[in-house]
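The values are calculated or read from the model by the stated rules, or taken from the named source; none is laboratory data. Remember, predicted model here, so these are calculated numbers, not experimental data. In this analysis, Cβ positions are derived from the backbone assuming ideal geometry, glycine residues included, and neighbour counts consider all displayed protein chains. With ligands, DNA and RNA removed, areas are computed over all heavy atoms of the protein, side chains included. Shrake-Rupley method; radii C 1.70, N 1.55, O 1.52, S 1.80 Å.
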Amino acid sequence: MNDNLAGCSLADVLERLEKGRIGHQAAMEWLNIESLNDLVEIMHANGRLMPGHQPLKVSAATRALLKAIWEPHPTGY
């Protein structure tokens, strides 16, 4: 797991973390962040899952609400 991250892109680092090839601390050091919450947010923002995490389950009610919010207003406003 002691992987040299020099010259890696963000995608490389996140992929290695997602696949368990590097640990959280190595990724956080490469990203120059101190918060595990920030690491989780970066992973999710880039379409990745933290090792051991499950995809977020979104209820039908939440999906309907989001759809209503993002649909164009009938009057065009």
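The table below gives the values:
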item	result
VAL13 in a helix (DSSP H, G or I) and in contact with a His (Cβ under 8 Å, 6 or more places away or on another chain)	no
Selection status of ALA64, in a helix (DSSP H, G or I), surrounded by 10 or more Cβ atoms within 10 Å (Cβ to Cβ) and aliphatic (A, V, I, L, M)	yes
Subset tally (residues that are more than 21 Å from ASN4 (Cα to Cα), part of a helix (DSSP H, G or I) and not acidic (Asp, Glu)) for the range 16-54	4
Search result, residues across the range 34-61 that are modelled with pLDDT of 85 or more, more than 13 Å from the chain's Cα centre (by Cα) and open to solvent by 100 Å² or more (accessible area, probe 1.4 Å)	GLU34
Matching residues in the range 2-33 - criterion: being on the phi < 0 side of the Ramachandran plot and open to solvent by 70 Å² or more (accessible area, probe 1.4 Å)	ASN2, ASN4, ALA6, LYS19, ARG21, HIS24, GLN25, GLU29, TRP30
Pair list, Cβ < 8 Å and 6+ apart or interchain, from the range 11-23 residues that are under 12 Å from HIS44 (Cα atoms) to residues that are among the small types (Gly, Ala, Ser) and surrounded by 18 or more Cβ atoms within 10 Å (Cβ to Cβ)	LEU14/ALA27
